[in-house]
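Notes to accompany the following structure.
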Amino acid sequence: MSRVGLRPITIPAGVEVTADGNVVKVKGPKGELSATIGSDISIKVEDGTLRVSRPNDTRENRSQHGLANSLIRNMVEGVTNGYEKKLNIVGVGYSAAKQGNKLVLKLGYSHPIELTDPEGITTDAPDANTIVVKGIDKALVGNYAADIRAWRKPEPYKGKGILYEGEIIRKKEGKSAAAGA
């Protein structure tokens, strides 16, 4: 039994949820999102709450039940508050700057890396060592933050690279000089 799927979703004031077949649209103060859910999953909106239900307990319906609930919950959260990921740049000479809708990264390569913000995502570089990725779609924000991080993943010997805020890199000990003697 999916416990995630059974949780009712509270719809805040100013948010409008419509279900047309298996397409769910959520409209709020920050924007509009839509998602396609499993065809057997049904959605009922009543008294400011939304409930997701499944017709039977087959393996497919059980997995789609919790997924649909989580997707709708994330859409409601996104159109009301939005999502944000912070990245920290660690390393001598590494920096980030914002130029229009482009994020310019200097990460020790022979050239700066210019990344254009995708539609629905905004980036900000409040200082040279911090990048903030914002948007209403949780998956897009997480994917774009991961794309930025992939340019210079943190390495365990010096601790340099692009880290998520709060991420801790366990440092490894390097080679010792007396190992071969």
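Quick notes
- Calculated FRET efficiency for the pair Glu119/Ser42, C-beta based, R₀ 25 Å, to 0.05: 0.20
- Using Cβ point charges alone (K and R +1, D and E -1), the dipole size of the chain about the Cα centre works out to roughly 780 debye.
- Note that the range 155-170 has calculated 3J(HN,Hα) couplings of 10, x, 8, 10, x, 7, x, 9, 10, 5, 4, x, 6, 10, 9, 7 Hz, one per residue in order, obtained from phi through the Karplus relation 6.51 cos²θ - 1.76 cosθ + 1.60 (θ = phi - 60°); glycine and proline are x.
- Peptides 128-136, 110-118 ranked from most to least packed by the mean count of surrounding Cβ atoms within 10 Å: 128-136, 110-118.
- Potential extension, Glu16-Lys86 segment - 0.36 nm per residue separation minus Cα distance: 22.3 nm
- Using alpha-carbon coordinates, inclination of helix 138-149 to the longest axis of the chain, degrees: 10
- Taking every C-alpha pair closer than 8 Å and separated by at least 6 residues, the mean separation divided by the residue count of the range 39-94 gives a relative contact order of 22 percent.
- Average Cα contact separation per residue, the range 3-80, under 8 Å, 6 or more apart, as relative contact order %: 38
- The aspartates and glutamates whose alpha-carbon is closer than 12 Å to the alpha-carbon of Lys106, local same-chain residues fewer than 8 away aside, are Glu114.
- Entries of Lys30/Lys134; Lys85/Lys171; Lys27/Lys138 with Cα pairs more than 20 Å apart: Lys85/Lys171
- Leading residue at positive end of dipole, the chain (Cβ point charges), from Tyr164, Gly93, Val76: Gly93
- Helix 59-80 and the long axis of the chain differ in direction by around 70°, with both axes built from C-alpha atoms.
A short reminder: the numbers here are calculations on the coordinates, not readings from a lab. These numbers were taken from a predicted model, which means no experiment stands behind them. Reconstructed Cβ throughout: ideal geometry from the backbone, glycine too, with neighbour counts over all protein chains shown.
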